[in-house]
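Just so you know, all these numbers are worked out from the coordinates, no wet-lab data involved. Please read all numbers here as calculations on a predicted model, not as lab measurements. Cβ placement follows ideal geometry from the backbone for every residue including glycine, while neighbour counts extend to all protein chains displayed.
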Amino acid sequence: MSILSALSSKKEAKKVSSSLKDFLENFSIEVMPRTASKIENFNEILPQNTRVYIAHIEGVPIDEMVQTAKRISSEGFDVMPHFPARIIKDKNQLEDWINRYQGEAGIDQALLLAGGVSQPHGVYESSMQLVESELFEKYNFKHLHFAGHPEGNKDIDNDGSNKNVEAALSWKQKFKERTDLNIALTTQFCFEAEPVIEWANSLTSNGIDIPVHIGVAGPAKLQTLIKFSIAWFTFSHWEALMLMPLG
């Protein structure tokens, strides 16, 4: 249905608006420490208890990440920092990050992803290895989200297939079935609905019932969206997402 045809009927417009409202209910946003620092008070732009993901880009010190998490959490929001496996050196460093997020900022949730780094900095290459450390259970985390890839991921399957992505989804489904943690998939933002719908339907067909949180681009100028659509072909999806500005 086109926008014009939807607006041609008040009844249809009301139906579309209701569906859109349901889709956006309990939305979340993602920030980086440097973009978060430009927001004087998140309460001025977000409803209380909104989930705020904090992207961890290679090179950003953990001190800066923890301080950002602490500040946003203190303002009344559910903070979910990224844990990019390939920039974490070893189990000791992973435990240090988890301990600091929890001890200093009261964090009990995390988004786990491989990360858009071609060469791992240490022993971890995938989000599944982070889970297998059992450190998130040790520190009583409640929510773990994984990256979802409706359009595939060349960092994981460089041959253009989805073989490794699909194997990882199967592993995560089995993990969901044996854990008390709340598990979900959070996708990159996409520019078309069809690939996301096809992907979500394929999950169901393959017995994957992990809840899915769909990523969409935030409010931005047309030229900004064009810039990031071009970046899609240069960076991995998550690198482009991390570059996307807030608001």
How do Leu111, Leu222 line up, fewest other C-beta atoms within 10 Å first?
Leu222, Leu111
Taking placed amide H atoms and a strict 5 Å upper bound, the residues 5 or more places from His213 or on another chain that come that close are Leu185, Thr186, Thr187
Taking the simple approach of a point 7 Å from Cα along Cα-to-Cβ for both Gln223 and Ile197, what is their distance in nm?
3.3
Between Glu40 and Asn26, how many nm apart are label points set 7 Å from Cα along the C-beta direction?
3.3
Would you work out the charge dipole size for the stretch 44-111 about its Cα centre, treating the Cβ of every Lys and Arg as +1 and the Cβ of every Asp and Glu as -1, and quote it to the nearest 20 debye?
140
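Dipole magnitude of the stretch 27-217 about its Cα centre, charges +1 at Lys/Arg Cβ and -1 at Asp/Glu Cβ only, in debye to the nearest 20?
Roughly 260 debye for the stretch 27-217.
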